[in-house]
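What follows draws every value from the coordinates through simple rules; no lab data is involved. Here the structure is a predicted model, which is why all the values come from computation and not from measurement. Cβ atoms come from the backbone with ideal geometry, glycine included; neighbour counts cover every protein chain shown.
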Amino acid sequence: MTTPVCTSASDAAAPATATRTLPYPSFSSYMRARQPVLLRTARSLTGNPSDAEDLLQTALTKTYVAWERIEDHRALDGYVRRALLNTRTSQWRKRKVDEFATDELPEPEPVPGCDDDPAERQALHDAMWRAIMRLPARQRAMVVLRYYEDLSEAQTAEVLGVSVGTVKSAVSRALGKLRDDPELELVR
């Protein structure tokens, strides 16, 4: 028989008429009383509420397993905090590192047909967004979904709740307006 670590979840699942005795009732009371404080400590170690909950769960599991060996129950907070810190350190050490130090910085491959000047690329990007913002809302939504979000015509139609033919014709009209946009003509 396994003993539940999270007593609140197991109590909710158990029938109200069933009487059970937990092997360590003092652990349950300690956990209920100190969980908010220990969760704040875990959040300070992880910076993410979900990761903090997982970290605290792991540390409380380790504490539960060692409950009989802990002689001074007045020092439980220190024990759990040490378990939090050791667990977080182990997680940090096990993380996969995808970056490696090199002597030379890698240069991005030049895009064919595009100037190497980043300022010109940014000017083209800004001009394109201004032209897209001048489109009617429905056409703008279809162009963004098709070309920026890379959705198919069918997916775009499903997202917007229209037919595929409506997407095709609206995108065609929008591209025609973008081709005729005077601000984009200067960039070509």
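At 7 Å along Cα-to-Cβ for each site, give me the label-to-label distance between Ser26 and Tyr147 in nm.
7.1
Please list 3J(HN,Hα) in residue order for segment 53-70, calculated via the Karplus relation 6.51 cos²θ - 1.76 cosθ + 1.60 where θ = phi - 60°; whole Hz, with x for glycine and proline.
Taking θ as phi minus 60°, the curve returns 5, 5, 4, 5, 4, 5, 5, 5, 5, 4, 5, 4, 5, 9, 4, 5, 7, 7 Hz for segment 53-70.
Ranking request for peptides 85-94, 164-173: highest mean number of other beta-carbon atoms within 10 Å first, then the rest in descending order.
Per-residue mean Cβ counts within 10 Å order the peptides as 164-173, 85-94.
Please turn the phi angles of segment 123-134 into ³J(HN,Hα) values with the Karplus equation 6.51 cos²θ - 1.76 cosθ + 1.60 (θ = phi - 60°), one per residue in order, whole Hz, x for glycine and proline.
5, 5, 4, 5, 5, 5, 5, 5, 5, 5, 5, 7
Which length gain, in nm to one decimal place, applies between Leu184 and Val162 when the Cα-Cα distance is subtracted from 0.36 nm times their residue separation?
Full extension of this stretch gives 5.0 nm more.
If each of Lys177 and Met128 carries a label point 7 Å out from its Cα toward its Cβ, how far apart are those two points in nm?
1.8
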